[in-house]
Amino acid sequence: MRTDDDSAQGLIERIPANAGTPFADGVLAQVVGTPVALTGNPLADLLDAILAVARELELPEVLNRFVQVSAELTQARYAAINVLDQHGTSTTFVYTGVPTSVARMMRNAPHALGVLGQIPAEGALRLDDLTQHPAFIGFPKDHPPMGSFLGASVRVASRVYGQLYLSEKLDGTRFDERDEQTVVALAAAAGVAVQNAQLYAEAARREHWLRAGQDITTMLLEGFDEEEALEHIVETAREVAHADTAAVALPGVGGQLLIELAQGHEAGELVGLVMPEGSRAWTVMTEGRGMLAPSLASSPVHGEAWQRFGSGIFAPLQASGLGVGVLIVLRELGAPPFAEADLVTAESFAAQAALAYILAEARHAQDVAALLDERERIARDLHDLAIQQLFATGMQLETVRRRAARGVDPSELLSIVDEALDNVDSSVRQIRQIVYALRDPDAATGLVERLRREASLARTGLGFAPSLVLTIDDAVVGDSDDDFSEARIDERVDADLTDDVVAVVREGLANAARHAHASSVAVRVIVTGEGVGGTVCVEVSDDGRGLPPDRDRSSGVGNLLSRARQHGGTFEIGDNADGRGTLLVWTAPLAQE
């Protein structure tokens, strides 16, 4: 007699880590609950048992109740339901009758093989002694002895969802025809109950996904930063999908698709990975259709980092034909695989999130256009009011110069000079009003926030977001919640110097957009020390084509040099150390002696 651990007849898989929780691959749960009160009337007891199973909405409770009532109505010592996948492999095993100490010694799940493989899709298999069946291949080690056996399939629609196993009646008799009829009726009722529970769970899952999508839409339309929104999309998808890891892949430099954000198990290993052509993420991005991966462990296309995961969902972040990226949710090896219903809801969530993201970007572009319009209006005001008046004043002074050269009595020129001085004063007032109108929105805004705004605005001209790193005394300033570091920077850099630092960054980004043809731009603002001994250094580097050998100094670069000299600082522009692209370096003391 064969007694190896792979024998199919064992009614025990392994002890549950947490009985009563949603079932995962290989989960075993021991039946707990209130016994069914038997009346002695077989028909009434059967109907009560069917109702007891049907009233449950949660799938674990349906299975638990089904095993319980089956054992009680047939007086079986051992009872279990084995939920099977399409290959006949056990995914969930709910049992009663076997002591916990014995269950702990069981090592392998019973699959639909041997005697268990003979259970018909319809009807039942009733044996007086299962060990005498031709298909019997032995019990696993430590398995309790069993003789009489009754098995039936639980069908959901046309598919066998699982199998009910009953063994050893308490009174020592054999299962009879009435037990068989009872089990077949219960199995049919359980199939309906399981289907209802699945529909209920799917509806709850879909509602959770929709609510999560609405939250993302609200967040983006309320003006949250796009990167914050992407982080929230990843976090929400991981939570709602009951996934171990979630990530988002976005188009990068040179058309590559790479992981920009990841959360959960092995997240650090995924960030920055390039998705190769032919991978699922690449296919989903190009075709705009989601994809379900039963297991990534055997996928050579994705690479070693991905082979640590089991099932995965790849959903396109796409709306109205516009692709943003790919949402990826993953489960660890051994976790239950995602179902087709999970893919459908994930696709819906990703589409809603992508639409909200695109709308937020459109609003951002609209804000940039409004800002450009405002700058154009200010330029017109400067030209029509201040510059024209200064031009007229210059004409008046030219008249004074010519008349003075002809020897006209100076007293006759005083009225013209007075009028010119009045015009200058008026022009100064107008320019001051325009400058105040420009600076007022930023009057209460610190340097860090203004630099982030400049980096965000530069996306339109560059075609991508530049990186921005700020440090104070060698400590990197964190995200927007790092109020302490931001306040320290604002304390050390006064308002005038703040304006010049922002202007330098703006000019450096504008030069990169106009001339560099770069694929990446990095801005670094370094604040060191404080007071007279402290400095602020601005570095803007790109990986573009570098400086032309016969370049002329432009007015923009001249302005940067002038701003540096005004503070007693320095300005340099040249090639990067590696010979690729341009490096702009502007420094100034935090305070002058």
Mind checking which residues of segment 233-269 are more than 17 Å from residue 333 (Cβ to Cβ), touching a residue at least 24 places away in the same chain (Cβ under 8 Å) and assigned to a loop (DSSP other than H, G, I, E, B)? none
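Yes or no, residue by residue, for (1) in contact with a strand residue (DSSP E or B) (Cβ under 9 Å, 6 or more places away or on another chain); (2) assigned by TED's automatic domain parsing to the domain that holds residue 252; (3) small (Gly, Ala, Ser):
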{"position": "488", "(1), (2), (3)": "yes, no, no"}
{"position": "491", "(1), (2), (3)": "no, no, no"}
{"position": "501", "(1), (2), (3)": "yes, no, no"}
{"position": "519", "(1), (2), (3)": "yes, no, yes"}
{"position": "541", "(1), (2), (3)": "yes, no, yes"}
{"position": "577", "(1), (2), (3)": "yes, no, yes"}
Selected residue (criterion: modelled with the lowest pLDDT) from residues of segment 255-314 that are of a type in the set (D, E, K, R) and within 29 Å of residue 355 (Cβ to Cβ): 277
What do you reckon, is residue 332 modelled with pLDDT of 80 or more and surrounded by fewer than 15 Cβ atoms within 10 Å (Cβ to Cβ)? no
Of all residues in segment 140-167, which are surrounded by 20 or more Cβ atoms within 10 Å (Cβ to Cβ) and more than 24 Å from residue 63 (Cα to Cα)? 140
Pick from 178, 174: which is at pLDDT 80 or above and touching a strand residue (DSSP E or B) at 6+ places or on another chain (Cβ under 9 Å)? 174
Filtering segment 211-230 down to residues that are surrounded by 15 or more Cβ atoms within 10 Å (Cβ to Cβ) and modelled with pLDDT of 70 or more yields 229, 230
Scan segment 122-143 and give yes if some residue there is over 23 Å from residue 195 (Cα atoms), modelled with pLDDT of 80 or more and of a type in the set (Ser, Thr, Tyr), otherwise no. yes
Any residue at all in segment 372-393 that is part of a helix (DSSP H, G or I), modelled with pLDDT of 75 or more and among the hydrophobic types (A, V, I, L, M, F, W, C)? yes
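The values are calculated or read from the model by the stated rules, or taken from the named source; none is laboratory data. Quick caveat: nothing in here was measured; it's all calculated off a predicted structure. Because the Cβ atoms are built from the backbone with ideal geometry, glycine has one as well, and the counts that use them run over all protein chains shown.
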